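The values are calculated or read from the model by the stated rules, or taken from the named source; none is laboratory data. The structure displayed is predicted, hence computed values, not measured ones. Cβ placement follows ideal geometry from the backbone for every residue including glycine, while neighbour counts extend to all protein chains displayed. Side chains are part of the model used for accessible areas, which takes the heavy atoms of the whole protein and leaves out ligands, DNA and RNA. Shrake-Rupley method; radii C 1.70, N 1.55, O 1.52, S 1.80 Å.
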Amino acid sequence: MEVKIHPLQESDAESLFHFEVANRIYFNKMVPDRGEDYYKFETFNDKLVQLVTEQSLGLSTFYLIKDENGTILGRINLVDSNPSNNSVELGYRIGEDNTGNGIATKALKILLEKTTNLEVIQCIIARTTQDNVASQKVLAKNGFIYAYTD
């Protein structure tokens with residue numbers, strides 16, 4: 001399967017909303033629920049507009065992971081930029097129907113290739129829960145080094 005990453009745009013609102021609703025229960029097993037309001041289209045769209053604005057200001061970078069048909073498979077983001085040490089935090093999620101297919105590994109590789117040209121990013125930090133072995137493998141395959149923190 002071909003995997004591409006595309007910058008988040010306001011025009012993605014409807015398809016991304018459906019992706020998030022379809023995967024809500026699955027994602028809630030790994031991260032805290034975003035609350036009922038997030039799953040109302042108007043609220044979701046307002047939040048998406050805020051993210052696109054944040055992206056346009058260079059504060060964060062949000063991508064959709066898509067297949068060759070433009071179907072959303074997941075999301076991958078660089079957020080919480082820290083100018084004092086030129087670091088950013090990595091986050092990603094793959095829809096339940098597409099886990100275990102190497103999509104996160106491919107998407108992260110593409111993202112890292114894009115960021116090598118950005119001199120302002122010197123460190124990308126990723127966090128996983130201890131039991132999220134799949135995500136730890138994705139990071140290791142892409143050259144991340146394990147560092148235990150409390």
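Between Phe44, Ile125, Asn142, whose Cα lies farthest towards the positive end of the dipole of the chain when Lys and Arg beta carbons carry +1 and Asp and Glu beta carbons carry -1, centred on the Cα centre?
The residue sitting farthest along the positive end of the dipole is Asn142.
What FRET efficiency would be calculated for the residue pair Glu10, Tyr148, taking the C-beta separation as r and a Förster radius of 35 Å, to the nearest 0.05?
0.35
Just tell me the longest site-free run in the chain, where the sites are chymotrypsin sites (Phe, Trp or Tyr not before Pro) in a DSSP loop having at most 15 other beta-carbon atoms within 10 Å.
1-145
Relative to the Cα centre, what is the charge dipole magnitude of the chain, using +1 at the beta carbon of each Lys and Arg, -1 at the beta carbon of each Asp and Glu, and rounding to the nearest 20 debye?
With Lys and Arg at +1 and Asp and Glu at -1, about 520 debye.
So what is the accessible area of the chain per residue, in Å², with the probe set to 1.4 Å?
Using a 1.4 Å probe on heavy atoms only, each residue of the chain averages 63 Å².
Å³ per residue of the Cα convex hull, for the chain?
126 Å³
Eight or more residues apart or on different chains, and alpha-carbon atoms under 24 Å: count the Lys pairs in the chain matching that.
27
Using a basic spin-label model with each label point 7 Å from the Cα along Cα→Cβ, how many nm lie between Thr99 and Asn45?
Modelled inter-label distance: 3.1 nm.
What does the charge dipole of the range 63-150 about its Cα centre add up to, to the nearest 20 debye, if the Cβ of each Lys and Arg holds +1 and the Cβ of each Asp and Glu holds -1?
That gives a dipole near 160 debye.
Suppose the chain between Glu113 and Lys141 were pulled fully straight at 0.36 nm per residue; how much longer would it get relative to their current alpha carbon spacing?
8.7 nm
Roughly how many percent of the accessible protein surface of the chain is carbon and sulfur, given a 1.4 Å probe and a whole-percent answer?
50 percent
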